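Here's the structure, in structure tokens; my notes come after.
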Amino acid sequence: MNTTELTRKQLYDLVWSTTMSNLTQKYALSRDGFKKICKQFEIPIPQNGYWLKRQYNKKVKIEKLNPVFGGVDKIVLTLREEGSTVNVDQTPLTIRTKEIESDPNAPLLVPDEITKPDILTKQTRQYWKGKISFTSYREDNRISYPIRVEKKNRDRALRFMDTFTKLIRYRGHTMSKEYGHDCVHIDGINIEIDLREASKRIPPTTNYGSSEYVPTGEFIFKIGKYSGEREWRDGKVKLEGMLARIVAKLELIAEREKEWEEKSRIANLEWEEEQKRKAEIKKRRDEEVEKFNRLVKLSEQYNKTLMIRQYIEAVKQKAINSNNLTPETQEWINWANDKADWIDPLINKPDEILDN
């Protein structure tokens, strides 16, 4: 949608020179939407009877615009597209409903008689006649409408569901089955649907009798399940007049679910990244600890080497000082030096016996 930018003074001039109905035709805002914007920007608006008095050239009171305003003097209004009834200040459901209703090609009218039945309409008729049976929800992925009404009301239910299905397909969606439940499939999201006839409770007429539930002919259409379910029922407006709103709600639920799935996917990726980062930190820490422990071990081993060498040297000096450096003592000194070279981490001399 295209937008235009106005100052407070320009909007003030507009609301005092143009009727609200003309403003709502030019801009994609409701009357309440204009009033909220004027209140937000402290712009006075004409009181009731102002335009009628002007029409008959009667004296009117025009409130002046206070030039002192603490906010930003910039107002962005959305221009109304030709033929559009969508107001940007309305709820997403109302906006989507009007988008569907304003589409001249959308199949919104439930006919008195079905002329080109959808494949699901045909399958439901066959199912009711006993010509096909769905022993498994996986069987050929065949679907019959989730209709639970009195036999005399089946024709109306079928006409409603046939038009509903055609509208669903026209909007780019499909009908599916998930875990045995009939669903509308929108962008990867399955939403359960159900059409049933309401009943009223008739109290028992005897002390030992039980209550009776009698069908009322009033239709109820339900979507979703658990806390996310939503129902529409016959009232001043029959279900046939709510098709656009029902499909709009289905699309918004699917979009919300899709957004939730995307947020969950991103959150899961972030969690995996965090776990990966923590694992990497732990790996580096473990490797560092392992290297440090090895350093400690090697240094302790080296200290043992020094102690051994000092001991060997002390034995040798004692033998020399006592003039007792015998061949046996020299042989032991050579053996001990070999063992010192074996345990010395800087030499690591092989030893045929100790290595094994």
Next on the checklist: Taking just the alpha-carbon atoms of region 224-356, what radius of gyration and Dmax come out, in angstrom?
Outcome noted: 40.0, 127
Item to check | region 136-263, accessible area per residue, ligands and nucleic acids excluded (1.4 Å, Å²) | outcome: 57 Å²
Checklist entry - Which semi-axes, in whole Å and largest first, does the equivalent ellipsoid of the chain have when worked out from the alpha carbon gyration tensor as the square roots of 5 times its eigenvalues? => result 84, 42, 19
Item to check | Compactness index (Cα Rg / 2.2 N^0.38 Å), region 45-93 | outcome: 1.73
Checklist outcome for this item: Of the listed links Lys166/Lys225; Lys36/Lys64; Lys64/Lys98; Lys129/Lys249; Lys26/Lys238; Lys116/Lys238, those spanning more than 28 angstrom between alpha carbons are Lys64/Lys98; Lys129/Lys249; Lys26/Lys238
Checklist entry - Based on DSSP H runs of at least 4 residues, each adding -39500 (n - 2.57), what is the mean residue ellipticity at 222 nm of the chain after dividing by all its residues, to the nearest 500 deg cm²/dmol? => result -16000 deg cm²/dmol
Next on the checklist: Please compute the Kirkwood hydrodynamic radius of region 166-274 from all pairs of different C-alpha atoms, in Å with one decimal.
Outcome noted: 16.7 Å
Next on the checklist: Counting only protein heavy atoms and a 1.4 Å probe, tell me what percentage of the chain's accessible area is made up of carbon and sulfur.
Outcome noted: 50 percent
Item to check | Cα point-scatterer Debye curve for region 193-251, base-10 log of I(q)/I(0) at q = 0.20, 0.27 Å⁻¹ | outcome: -0.79, -1.10
Checklist outcome for this item: Of Phe69, Phe41, Phe219, Phe292, ordered by accessible area with the largest first and a 1.4 Å probe, the sequence is Phe292, Phe69, Phe41, Phe219
Item to check | Reciprocal mean inverse distance between Cα atoms of region 287-356 - Kirkwood radius, Å | outcome: 13.6 Å
Checklist entry - Any idea what log10 I(q)/I(0) is at q = 0.08, 0.15, 0.21 Å⁻¹ for region 1-147, Debye with uniform C-alpha scatterers and no solvent? => result -0.46, -0.88, -1.27
Next on the checklist: With every protein chain left in place and a probe of 1.4 Å, what is the accessible surface of Thr4, to the nearest 10 Å²?
Outcome noted: 40 Å²
Item to check | the chain: relative contact order in percent, alpha carbon pairs under 8 Å with at least 6 residues between | outcome: 11 percent
Checklist entry - Once the Cα atoms of helix 119-128 and of the chain are each reduced to a long axis, what angle between those two axes, in degrees from 0 to 90 to the nearest 10, is obtained? => result 80 degrees
Next on the checklist: Could you order the peptides 267-280, 337-350 from most to least packed, using the average number of other C-beta atoms within 10 Å per residue?
Outcome noted: 337-350, 267-280
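The values are calculated or read from the model by the stated rules, or taken from the named source; none is laboratory data. Here the structure is a predicted model, which means the values were calculated and not measured. All Cβ positions, glycine included, derive from the backbone under ideal geometry; neighbour counts span all protein chains shown. Protein only, heavy atoms only, side chains kept; ligands, DNA and RNA dropped before computing areas. Shrake-Rupley method; radii C 1.70, N 1.55, O 1.52, S 1.80 Å.
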